[in-house]
């Protein structure tokens, strides 16, 4: 099983995507439509009652959906993701932001290349405004600003997110993974569709 961790705060903050009440449903739907079926989705409501209102009615439809409420953490805190990791039952952890989606073959496309490493990294897909489509983007876990939660899958408890951090929290966590284990590799699979980049686009 693969555990997918999704922190959710639907209140307003700087650089947030629009219409997140709708987009969280889109994100959840993209998980339930995965070709690979052995997953669990852990949604961590970051002090957000609205998340509970939206997600709770869905829980009875799919037993693989899980919902946890925590007290509001500071912006960019790793507490919601750490909570998800602590609850995970899967062999590996990956992440999905509420304003992004998985293509239907996101998980299944990676499985053939997974061979017992402690963690993996992969590319993602960025929206192209001109042709209104998603295009493959090469990523680099050794370059600040060129990798994030859309690019990693790891064994549970390999590392913890910082309790207080800033917009580069993804980068710092990946550096922790690198220090925790040298058993990692790049895999060609993965179809994570990045639907929101602050200052660039929001679809």
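Residues that are in contact with a helix residue (DSSP H, G or I) (Cβ under 8 Å, 6 or more places away or on another chain) and more than 25 Å from residue 115 (Cβ to Cβ) were ranked within the range 129-159; the one that is surrounded by the fewest Cβ atoms within 10 Å (Cβ to Cβ) is 145. Scanning the range 131-164 for residues that are over 18 Å from residue 97 (Cα atoms), in a loop (DSSP other than H, G, I, E, B) and without any contact (Cβ under 8 Å) to a residue 60 or more places away in the chain turns up 131, 132, 138, 140, 141, 142, 143, 144, 158, 159. In the set (1) at pLDDT 95 or above; (2) within 21 Å of residue 149 (Cβ to Cβ), residue 49 fails one condition alone, (2). When the range 41-63 is filtered for residues that are over 25 Å from residue 171 (Cα atoms) and crowded, with 18+ Cβ neighbours inside 10 Å, the ones remaining, listed by number, are 48, 51, 54, 55.
State yes or no: is residue 171 assigned to a helix (DSSP H, G or I) and either out of contact with any strand residue (DSSP E or B) (no Cβ under 9 Å at 6 or more places or on another chain) or at pLDDT below 95 (or both)? Yes; evaluated as a whole, the condition is true for this residue. Any chance the range 175-188 includes a residue that's under 16 Å from the mean Cα position of the chain (by Cα) and closer than 21 Å to residue 100 by Cα? So far as the range 175-188 goes, no, none of its residues is under 16 Å from the mean Cα position of the chain (by Cα) and closer than 21 Å to residue 100 by Cα.
Answer yes or no as to whether residue 193 is within 22 Å of residue 126 (Cβ to Cβ) and free of Cβ contacts under 8 Å to residues at least 40 places away in the same chain. Spell out how you get there, then give the answer.
On the way: within 22 Å of residue 126 (Cβ to Cβ): yes; free of Cβ contacts under 8 Å to residues at least 40 places away in the same chain: no.
It is false that residue 193 is within 22 Å of residue 126 (Cβ to Cβ) and free of Cβ contacts under 8 Å to residues at least 40 places away in the same chain.
Kindly indicate whether residue 179 is touching a helix residue (DSSP H, G or I) at 6+ places or on another chain (Cβ under 7 Å) and loosely packed, with under 12 Cβ neighbours inside 10 Å. The answer is no for residue 179. Checked against (1) in contact (Cβ under 8 Å) with a residue 60 or more places away in the chain; (2) within 16 Å of the chain's Cα centre (by Cα); (3) crowded, with 17+ Cβ neighbours inside 10 Å, residue 117 passes all but a single condition, namely (2).
The values are calculated or read from the model by the stated rules, or taken from the named source; none is laboratory data. The structure displayed is predicted, hence computed values, not measured ones. Don't worry about glycine lacking a Cβ; one is built from the backbone with ideal geometry, like all the others, and counts go over all protein chains shown.
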